[in-house]
Amino acid sequence: MPNVPQAVIHGRFQVLHNDHLRYLLAGKALCDRLVIGVTNPDPSHTRHDPADPLRSLESSNPLTYFERAQLLHAVLAEAGLSPQEFFVVPFPINLPELYRHYVPLDALFLVSIYDEWGRRKLKYFESLTLHTHVLWEVPPEDKGLSATEVRRRMGAGEPWEHLVPPAAAGLLRQWRIPERLSGQAEAAAGRPG
């Protein structure tokens with residue numbers, strides 16, 4: 001596929017890990033400027049979806065939009081991208097009627113598919129007749145690294161730094177995200193069932 005002027009890629013990035021970086025760089029290889037949509041930007045734009053019921057839980061979304069935007073900027077700069085090569089925006093993925101307010105609809109919309117949730121997102125894009133490109137489609141067991149596992153390790157006090165780019169590790173430690181996740185796990189364990 002020849003390069004396009006702009007492409008839109010998206011993710012929750014809760015937390016940004018090495019496979020996220022691989023995904024972002026694969027998207028950037030197809031365009032001059034990558035527009036990165038941060039999904040679940042805030043609770044008012046987060047919706048439950050049976051295709052991926054855990055993605056809307058508060059415990060699955062410990063970082064703010066601002067924190068995730070900072071992670072993206074730091075990690076992509078560390079990877080050698082200039083600020084002119086990417087742009088980070090909120091992206092309410094479950095609300096296709098709002099896309100036009102956040103991203104350029106004439107861009108190429110990129111998606112990776114691992115499960116029914118990936119297919120659902122592709123259908124959202126196709127319902128708006130957006131120009132789409134599937135970066136890859138693999139079964140869930142071949143997905144690789146998951147942010148759920150990184151968060152679990154952080155909250156449990158297990159090694160996690162090797163699973164994220166160095167710039168992300170530095171910020172996540174600085175912001176005390178492992179302690180935040182540990183506190184969430186302790187609070188959840190103390191709740192009456």
Residue within region 13-26 that is over 21 Å from residue 133 (Cα atoms), outside any loop (DSSP other than H, G, I, E, B), modelled with pLDDT of 95 or more and out of contact with any His (no Cβ under 8 Å at 6 or more places or on another chain) present: yes
Residue 58 being among the acidic types (Asp, Glu) and modelled with pLDDT under 95: yes
Complete set of residues in region 1-12 that are assigned to a loop (DSSP other than H, G, I, E, B) and crowded, with 20+ Cβ neighbours inside 10 Å: 12
Among the residues listed as 60, 112, the single one being in contact (Cβ under 8 Å) with a residue 24 or more places away in the chain, surrounded by 13 or more Cβ atoms within 10 Å (Cβ to Cβ), of a type in the set (S, T, N, Q) and in contact with a strand residue (DSSP E or B) (Cβ under 8 Å, 6 or more places away or on another chain): 112
First in region 19-30 and under 10 Å from residue 110 (Cα atoms), second anywhere and outside any helix (DSSP H, G or I) and modelled with pLDDT under 95, Cβ under 7 Å, 6 or more apart: 30/1; 30/3
Any chance residue 44 is more than 12 Å from the chain's Cα centre (by Cα), loosely packed, with under 14 Cβ neighbours inside 10 Å and modelled with pLDDT of 95 or more: no
Residues of region 144-178 satisfying the condition of being surrounded by 17 or more Cβ atoms within 10 Å (Cβ to Cβ) and at positive phi: none
Residue match in region 139-146 (condition: among the polar types (S, T, N, Q) and more than 18 Å from residue 95 (Cα to Cα)): yes
Condition check for residue 103: within 19 Å of the chain's Cα centre (by Cα), surrounded by fewer than 19 Cβ atoms within 10 Å (Cβ to Cβ) and of a type in the set (A, V, I, L, M): no
Helices (runs of 4 or more DSSP H) contained entirely in region 93-193, each with at least 2 residues that are modelled with pLDDT of 95 or more and closer than 18 Å to residue 25 by Cα: 166-174
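The values are calculated or read from the model by the stated rules, or taken from the named source; none is laboratory data. Computed from a predicted model, the values in this text were never measured in an experiment. Every residue, glycine among them, receives a Cβ derived from its backbone with ideal geometry; neighbour counts consider all protein chains shown.
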